[in-house]
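Enquirer: My questions will all concern the structure given below.
The values are calculated or read from the model by the stated rules, or taken from the named source; none is laboratory data. Since the structure is predicted, the reported quantities are computational estimates derived from the model, not experimental observations. Positions of Cβ are generated from backbone atoms using ideal geometry, with glycine treated the same way; all protein chains shown enter the neighbour counts. Please note that ligands, DNA and RNA were not included when accessible areas were found on the heavy atoms of the full protein model with its side chains. Shrake-Rupley method; radii C 1.70, N 1.55, O 1.52, S 1.80 Å.
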Amino acid sequence: MTDGYGIPLGRVLAGANSHDSPPLAPTLDLLDGLEPLPDGITVHLDAGYGSAGTRTELDRRGLHGQIAHKDEKATIQASRRWHVKRTPAWQNAFHRLARCYERRTLVINASFDLADTVITVRSLIQRAWTTHRWDRRPRLRQ
């Protein structure tokens with residue numbers, strides 16, 4: 001789960017050969033720890049989540065879901081790169097995570113926590129670089 005800038009907010013680990021929809025409920029459970037949430041939050045999901053069970057789960061939690069149709073880009077994907085797809089690509093840049101042979105969940109979560117920390121700090125620095133101006137600002141490249 002990520003925010004609108006691609007900053008990781010939480011994760012549910014699942015095997016590589018599993019469908020995306022079973023971990024949806026545990027992932028949405030992570031929202032409980034992020035109170036207070038803004039009103040009118042929209043959950044953007046790709047076509048793999050286009051089932052009645054997903055819609056029921058979103059309705060039960062009072063969330064508005066925007067699910068892409070099969071063979072059609074979601075509206076959020078049509079105009080810019082979708083941050084939800086970008087964040088796992090950033091995590092895969094940490095090769096230890098992309099090729100994980102570890103069996104202990106504690107170690108896997110610690111590796112992801114470290115990667116998420118680096119991703120968050122990079123994102124915050126990038127946003128601060130473009131939004132905050134000051135006198136004698138250092139050049140981006142030397």
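Enquirer: Restricting to the range 114-138, give me the number of residues that are surrounded by 11 or more Cβ atoms within 10 Å (Cβ to Cβ) and at pLDDT 80 or above. Lay out the reasoning, then the answer.
Expert: Residues of the range 114-138 that are surrounded by 11 or more Cβ atoms within 10 Å (Cβ to Cβ), as a first pass: 114-124, 126-127, 129.
Filter once more, keeping what is at pLDDT 80 or above: 114-124, 126-127.
Number of matching residues: 13.
Enquirer: When you scan the range 97-113, do you find a residue that is under 16 Å from Met1 (Cα atoms), at pLDDT 80 or above and open to solvent by 100 Å² or more (accessible area, probe 1.4 Å), even just one? Even if it seems obvious, please write down each step before you answer.
Expert: So in the range 97-113, the residues under 16 Å from Met1 (Cα atoms) come out as 109, 112-113.
Next, from what is left, pick out any that are at pLDDT 80 or above: 109, 112-113.
Filter once more, keeping what is open to solvent by 100 Å² or more (accessible area, probe 1.4 Å): none.
Checking the range 97-113: not a single residue is under 16 Å from Met1 (Cα atoms), at pLDDT 80 or above and open to solvent by 100 Å² or more (accessible area, probe 1.4 Å).
Enquirer: Hey, can you tell me all the residues within the range 31-46 that are surrounded by 14 or more Cβ atoms within 10 Å (Cβ to Cβ) and assigned to a helix (DSSP H, G or I)?
Expert: First pass over the range 31-46, keeping only residues surrounded by 14 or more Cβ atoms within 10 Å (Cβ to Cβ): 31, 43-46.
Leu31, the sole residue that qualifies.
Enquirer: Give the range 4-26 a look and list any residue that's surrounded by 14 or more Cβ atoms within 10 Å (Cβ to Cβ) and not in a loop (DSSP other than H, G, I, E, B), or say none.
Expert: Filtering the range 4-26 down to residues surrounded by 14 or more Cβ atoms within 10 Å (Cβ to Cβ) leaves 6-12, 21, 23-25.
Selection gives Pro8, Leu24, Ala25.
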